[in-house]
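This report concerns only the one structure given below.
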Amino acid sequence: MAAEKLTKESMELRLAVGPFNRWLGFEVMKLGDGELELKASWREDWVLHAVRGHTHSGILAAIVDVAADYVIAAELGDHVPTIDLRVDFHKPAMRGDLTAKSKIVRLGSNYSTAEAYVYDKEGGLVASGRGTYFTAAVRRQVG
């Protein structure tokens, strides 16, 4: 049985299953050809410093992880556990929706790698990262 690739609509449903993902307010903007673009809707709860108004780095790291994980899920039909995650922060993310763009680097039988870039409402790069994900269990389910 081959894996069923996720569509934009089925990806949004998968994302909404997890309470944390729902809280981050993800909307799938684009999906296809090993790439995924998500919008995370701004929440005042994300603020680290009330006066400066910038987003907590943990939120940015979570968005990187979800975007990288789910671009792999789009190919395999289910999300996969994170094995390793590396995130770089480029500048503070101020109040406003964030956009994550991710792409598959390597789709392997046991481990897969994807990278993601997070942009602020003006299109400036605020964070980027690369994750490694355990894909063997999902591949066994559909293989």
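The values are calculated or read from the model by the stated rules, or taken from the named source; none is laboratory data. Computed from a prediction, not measured in an experiment: that's the story for all the values here. Note: ideal-geometry Cβ built from the backbone for every residue, glycine included; neighbour counts use all protein chains shown. Ligands, DNA and RNA are stripped out before the accessible areas are found, and what is left, the full protein with its side chains, is counted by its heavy atoms. Shrake-Rupley method; radii C 1.70, N 1.55, O 1.52, S 1.80 Å.
The chymotrypsin sites (Phe, Trp or Tyr not before Pro) found in segment 1-95 include none that occupy coil by DSSP while having at most 11 further C-beta atoms within 10 Å.
Largest to smallest in accessible area, the residues HIS54, HIS90, HIS49 fall in the order HIS90, HIS49, HIS54 (1.4 Å probe, all protein chains included).
Taking a cut-off of 26 Å between Cα atoms, list the lysines near LYS5, but don't count ones fewer than 8 places away on the same chain. Cross-link targets: LYS30, LYS39, LYS101, LYS103. Can you tell me how much longer the chain between GLU44 and PHE134 gets when fully stretched, taken as 0.36 nm per residue apart minus their C-alpha distance, in nm with one decimal? Contour length minus the Cα-Cα distance gives 29.1 nm.
When you filter the trypsin sites (Lys or Arg not before Pro) in segment 80-114 for DSSP loop state and at most 15 other Cβ atoms inside 10 Å of their Cβ, you are left with ARG95.
Within a straight-line Cα-Cα reach of under 17 Å, LYS8 can be paired with the following aspartates and glutamates, leaving aside sequence neighbours fewer than 8 residues apart in one chain: GLU27, ASP33, GLU35, GLU37, ASP69, GLU75, ASP78. The distance linking segment 65-136 with segment 14-62 is 11 Å (Cα centroid to Cα centroid, whole angstrom).
For the peptides 110-116, 28-34, 55-61, residues were scored by their other Cβ atoms within 10 Å and the scores averaged per peptide; the highest-first order is 110-116, 55-61, 28-34. Just checking the listed ones, LEU107, LEU38, LEU48: in the Gaussian network model of the chain with Cα springs under 10 Å, the one fluctuating most is LEU48.
For segment 1-41, what class follows from the C-alpha gyration tensor (a ≥ b ≥ c being the square roots of its eigenvalues): rounded when a/c is under 1.5, otherwise prolate if a/b is larger than b/c, else oblate? Verdict is oblate for segment 1-41.
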